[in-house]
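**Q** I have a structure here, written as structure tokens, and I will follow up with some questions on it.
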Amino acid sequence: MIKRLLLASLFFTVSLAAGAFRADTVKVRSASMDKDIPVIVISPDLALQGYKCPSVYLLHGHNGDYKFWPSIRRDLGDVADTYGFVFICPDAENSWYIDSPVRKDSQYETFMTKELPPYIDSHYNTLEDKRFRAISGLSMGGHGALFLAMRHPDIWGSAGSMSGCPDIRVHPNNWNLEDILGNYADNSGLWDKFCVVNQLGRLQKGDLAMIIDCGEGDFMLEMNKDLHTRLLGAGLDHDFITRPGVHWFDYWQNAIDYQLLFHSKFFKKNAEVLKNQ
């Protein structure tokens with residue numbers, strides 16, 4: 001059954017009417033934070049027809065929210081139909097997608113790994129398999145996507161960062177990081193623990209497909225180049241892309257297309273393996 005549903009969603013040519021997708025705004029209960037988290041879920045026509053589809057979690061940046069991606073890519077529903085992806089856009093405040101040791105109401109690693117995926121898989125037509133689940137984000141969300149996937153490669157098989165911040169220690173006085181981790185001078189060990197660049201030892205070659213994308217004029221560029229060098233040194237496969245651009249909306253509107261193509265290739269490769277089993 002999974003083969004039939006998967007191959008239909010990835011390989012059949014389907015004629016789709018405009019607006020065939022559905023966008024829901026739901027509130028997902030977080031027991032760990034004792035509050036409801038708003039999430040936009042965009043289902044493609046294939047999912048609405050009953051086919052199980054791959055899922056892509058899209059993470060917003062600092063001072064963004066769950067409406068960010070549907071706002072800057074107003075064609076996201078059409079993109080969902082084109083690829084046959086279910087898009088999940090959660091709200092994460094300025095949490096950096098970690099379980100804060102300082103704020104008990106900011107436990108977003110737990111929410112993103114133990115609470116949200118089970119909700120999505122039980123309420124929507126998604127494939128409950130890391131081989132067909134991906135995550136991408138920008139800036140703070142780029143940190144979040146890599147951080148979560150590196151620490152939980154059993155949940156996500158493919159991860160992408162756009163203009164991400166893989167070493168939060170470089171900017172200790174910015175973007176509410178002290179609110180989440182405490183003062184850097186007094187809590188440097190915690191900051192070390194939550195850096196993306198310090199998660200590489202959790203991965204073995206082949207655990208996680210990764211794409212890292214940053215503009216040549218972006219102030220995050222050097223730390224992304226450093227992450228690329230570290231990944232090469234660790235023997236961890238990844239795509240690394242730089243193009244003209246800065247840390248701004250027009251870059252991300254374009255960068256997401258590269259991310260989705262990367263995830264699509266990952267899903268199709270796994271579908272071919274499944275088909276031939």
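**Q** Considering only residues that are more than 20 Å from residue 260 (Cβ to Cβ) and among the hydrophobic types (A, V, I, L, M, F, W, C), look in the stretch 141-157 and name the one that is surrounded by the most Cβ atoms within 10 Å (Cβ to Cβ).
**A** In this case the residue turns out to be 147.
**Q** Something else: Quick check, is residue 226 surrounded by 14 or more Cβ atoms within 10 Å (Cβ to Cβ), among the acidic types (Asp, Glu) and over 19 Å from the mean Cα position of the chain (by Cα)?
**A** Taking the combined requirement at face value, the residue satisfies it.
**Q** Can you run down the residue pairs with Cβ atoms below 6 Å, 6 or more apart or on separate chains, where the first is in the stretch 237-262 and buried (at least 17 other Cβ atoms within 10 Å of the Cβ) and the partner is of a type in the set (Ser, Thr, Tyr)?
**A** Hits for this filter: 245/251; 247/163; 259/136.
**Q** Looking at 232, 221, which one is without any contact (Cβ under 8 Å) to a residue 40 or more places away in the chain and in contact with a Cys (Cβ under 6 Å, 6 or more places away or on another chain)?
**A** Answer to the selection: 221.
**Q** Which of the residues spanning the stretch 244-253 are part of a helix (DSSP H, G or I) and farther than 11 Å from residue 213 by Cα?
**A** 249, 250, 253 - these are the residues of the stretch 244-253 that are part of a helix (DSSP H, G or I) and farther than 11 Å from residue 213 by Cα.
**Q** Taking only the stretch 21-65 into account, find how many residues are out of contact with any Phe, Trp or Tyr (no Cβ under 7 Å at 6 or more places or on another chain), of a type in the set (Ser, Thr, Tyr) and more than 26 Å from residue 131 (Cβ to Cβ).
**A** 1
**Q** While we're on this one: Every residue in the stretch 140-169 that is aliphatic (A, V, I, L, M), under 12 Å from the mean Cα position of the chain (by Cα) and farther than 17 Å from residue 267 by Cα, please.
**A** Matches in the stretch 140-169: 140, 145, 146, 148, 150, 162.
**Q** Step by step: first the residues of the stretch 83-98, then only those that are without any contact (Cβ under 8 Å) to a residue 60 or more places away in the chain and of a type outside the set (Phe, Trp, Tyr), then the one that is farthest from residue 192 (Cα to Cα). Which residue is that?
**A** This residue is 86.
**Q** So the check is Cβ under 7 Å with 6+ separation or different chains; which pairs have a first residue in the stretch 170-197 that's farther than 21 Å from residue 220 by Cα and a second one that's in a helix (DSSP H, G or I) and not polar (S, T, N, Q)?
**A** Once the first residue is farther than 21 Å from residue 220 by Cα and sits in the stretch 170-197, its partners that are in a helix (DSSP H, G or I) and not polar (S, T, N, Q) give 182/190; 187/181; 190/181.
**Q** Moving to a separate point now. For a quick check of your reading: which strands (runs of 3 or more DSSP E) sit entirely within the stretch 2-84 and have at least 1 residues that are at pLDDT 95 or above, surrounded by fewer than 14 Cβ atoms within 10 Å (Cβ to Cβ) and among the basic types (Lys, Arg)?
**A** In the stretch 2-84, the matching strands (runs of 3 or more DSSP E) lie at 22-30, 35-43.
**Q** Right, something else. Does residue 212 satisfy the condition of being at pLDDT 95 or above, surrounded by 14 or more Cβ atoms within 10 Å (Cβ to Cβ), in contact with a His (Cβ under 8 Å, 6 or more places away or on another chain) and within 16 Å of residue 134 (Cβ to Cβ)?
**A** So residue 212 passes the test.
**Q** Something else about it: Which of the residues that make up the stretch 100-131 are in a loop (DSSP other than H, G, I, E, B) and of a type in the set (Asp, Glu)?
**A** Matches in the stretch 100-131: 105, 128, 129.
**Q** OK, next. Name the pairs: first residue in the stretch 151-166 and closer than 8 Å to residue 139 by Cα and in contact (Cβ under 8 Å) with a residue 24 or more places away in the chain, second residue crowded, with 22+ Cβ neighbours inside 10 Å and of a type in the set (Val, Ile, Thr), Cβ to Cβ under 6 Å, at least 6 apart or on different chains?
**A** Within 6 Å, the pairs are 161/212.
The values are calculated or read from the model by the stated rules, or taken from the named source; none is laboratory data. Note that the structure is a prediction, hence the values are computed from the model and not measured. Counting neighbours? That spans all protein chains shown, and the Cβs are built from the backbone with ideal geometry, glycine included.
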